[in-house]
Amino acid sequence: MEHIALRVSPRGKLTKGELRQERKKGRLPAQIYGKGIEPISVFLEGKEFANVAKRITESMIIDLDLEGEKFAALLKEIQKETISGDILHIDFNLLRHDRKIRVRVPLHLNGTAKGVKDGGILEHSIHEIEVECDSDHLPEKIEVDITDLEANHALHLREVALPEGVKLVTNPDTVFAIIKFAHGEPEKPSEVEAEAAEEALAPTEQESAETTSEAVHK
């Protein structure tokens, strides 16, 4: 599993104005949270974080280096300025090897479904799932092969094979992929409709008698 390494530096208690000045210098204020410890206030280098920000997911482990002291953490939240979108603050949650965590992991579909090749449309409504595991078994993503998925069939989360040590938290009956036809498949006539059609095509008793009579006179 991919890890991302970031250097952080200590941050003392600063006023809003002082924090604003630090942001102008390219330093982003951040907080590291963990059970049983006091929150740790730090700075991140803005350019360094910007280089990896797009790759970071909720389930990706981030190795924080605070003056030689290492912390394994997950990204908790990024606070941004409403109008400009500039980053104001970043929060991290520390990982502990002796505790299980719950985290949302991306769900990726691989392959082209048989139903799509037959003209159906794939509806993929769930793009991430919540799982529980320890940090050593934390998956970066969950991949599902949908090659054999046929039209008018669906896949449920209970059918997903999870890695060892990973437990599904999201409702297992949740449908995450289904193949549908845009205008529906042609419907087969029911037995009643079929019988009615046969009766409409078959000659009546009177018509049969008239036909027989004409044949005799000829």
Report summary line: Within the range 74-88, restricting to residues that are surrounded by 10 or more Cβ atoms within 10 Å (Cβ to Cβ) and aliphatic (A, V, I, L, M), the one that is nearest to Q21 (Cα to Cα) is L88
Query raised in the report: Just to be sure, is R104 in the same structural domain as E164 (by TED's automatic domain parsing) and either exposed (fewer than 12 other Cβ atoms within 10 Å of the Cβ) or under 23 Å from S135 (Cβ atoms) (or both)?
Result: yes
Report task. Among the residues of the range 117-140, write down those that are among the aliphatic types (A, V, I, L, M) and either within 14 Å of V160 (Cβ to Cβ) or surrounded by fewer than 17 Cβ atoms within 10 Å (Cβ to Cβ) (or both). Result -> I121, L122, I126, I129, V131
Requested in this report: Go through (1) outside the structural domain of K24 (by TED's automatic domain parsing); (2) in contact (Cβ under 8 Å) with a residue 12 or more places away in the chain one by one and return the number of the condition E77 breaks.
Outcome: (1)
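The values are calculated or read from the model by the stated rules, or taken from the named source; none is laboratory data. All values reported here derive from a predicted model rather than from experimental measurement. Please note: Cβ atoms are built from the backbone with ideal geometry, for glycine as well, and neighbour counts cover all protein chains shown.
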